Amino acid sequence: MNPRKKFFVLLFIVAFSCSLAAAQTYKVTDLGVLPGYTGSAGFGINSTGQVTGCSDGSTSQGNLCAFIAPSHAFLWSSSGGMKDLGALPGDDLSVGFNLNDAGDVVGFSENTQTGVGHGFVRNKSGAMTDLRTLPGGNAYSDADAITSKGVIAGESLVSNGDINAVLWTKSAGKYHIQNVGRLPKSVYTFPYYINDNNQVVGVAYFDFKQTKFHGFVWSNTGGWTKLGTLAGGTNSFAVWINVPGVIVGMANSAKYPKGVAVYWDAARKIHMIGTLKGGTSSFADAINDQGQVVGHSTVTSGDNHAFLWSLKGGLRDLNKLIPQNSGWVLNAAYALNKSGQIVGYGTIGGANHAYLLTP
């Protein structure tokens, strides 16, 4: 099998976000699309403002970077613009999910004809390495995040059809895979992010239809911890952990059956972030070490809008923090760096494009 992950992909706060008041505005940069493609989305940003994501031939937001149309990973910089990273040999699809300050990009590459896909790392010199899989799992692996020291977190199929969390580390010029295993009683365990303390967060599924799931945090010293849900809820989803140990994602509840943005503080207590005005669901996608969270929420119209949240500033629609009449509708915010730069995707001129917001 070759499961598909949807990258929507934020908090308890360190006492910093003092001056992020409602008056803050952002400059919007259109990252464009790769030649021959129609859409793009930004999934990761490092502290120097480099961005990775994907550009593809989709024409609707429902298909954008969703492994339906062939796509290519990109690396964007203010000096070089959007650069096509290509794919592993023989593959026609790739997506960049994250990158570190050295410019090493991790992601997923697939041959859509055979359905075989592997995680990759692409270093700043341009070399793209196939990270391979655990024994017996050749059909699928994925690389989701990379630390400043080059430790990569992801997952791999195993011989019995389950999916285990893995780490890749480099020594003697080669990457070596470590089988981390699965959250107890789960069948699929998907890491989404790893911080510089080597704490990994993600989601674990307890049934093959992926209807029952919980967020988790794992580390070598702490082992597996299943993250809780809101009162009346059954499912949760964790996608990011900052260095202070605050985790963000989503959990459902009786009031929000489709899920609402949440954070787990360093003591693993869950807190609800909420939705934008008129919204019925939301998702927190990333948190920086300063406690700023970004994500997306439905609004009264039913559309998704990107949001920014902080403990002191509250929940704000990012569309209200960009210049009026910009032509943009910011639909999702997927990542941010320590400077508060934000990446995601929105619509401009009728097309879905990756954007960069700079305070």
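The values are calculated or read from the model by the stated rules, or taken from the named source; none is laboratory data. Small disclaimer: the values here were computed from a predicted structure and weren't measured. FYI the Cβ positions are ideal-geometry reconstructions off the backbone, even for glycines, and counts take in every protein chain you see.
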Every listed condition ((1) modelled with pLDDT of 95 or more; (2) assigned by TED's automatic domain parsing to the domain that holds N352) holds for S71 save (1)
Screening T234, T280 for residues that are over 24 Å from Q199 (Cβ atoms), outside the structural domain of L356 (by TED's automatic domain parsing), out of contact with any Phe, Trp or Tyr (no Cβ under 8 Å at 6 or more places or on another chain) and surrounded by fewer than 17 Cβ atoms within 10 Å (Cβ to Cβ) leaves only T234
The residue from L11, L88 that alone is at pLDDT below 90, in contact with a strand residue (DSSP E or B) (Cβ under 9 Å, 6 or more places away or on another chain) and outside the structural domain of G249 (by TED's automatic domain parsing) is L11
Residues of region 86-106 being out of contact with any Asp or Glu (no Cβ under 8 Å at 6 or more places or on another chain) and either aromatic (F, W, Y) or closer than 19 Å to G344 by Cβ (or both), in sequence order, are V95, G96, L99, V105
Taking region 331-359 and keeping only residues that are in a loop (DSSP other than H, G, I, E, B) and either over 17 Å from the mean Cα position of the chain (by Cα) or closer than 15 Å to L99 by Cβ (or both), one is left with N337, K338, S339, Q341, G349, G350, P359
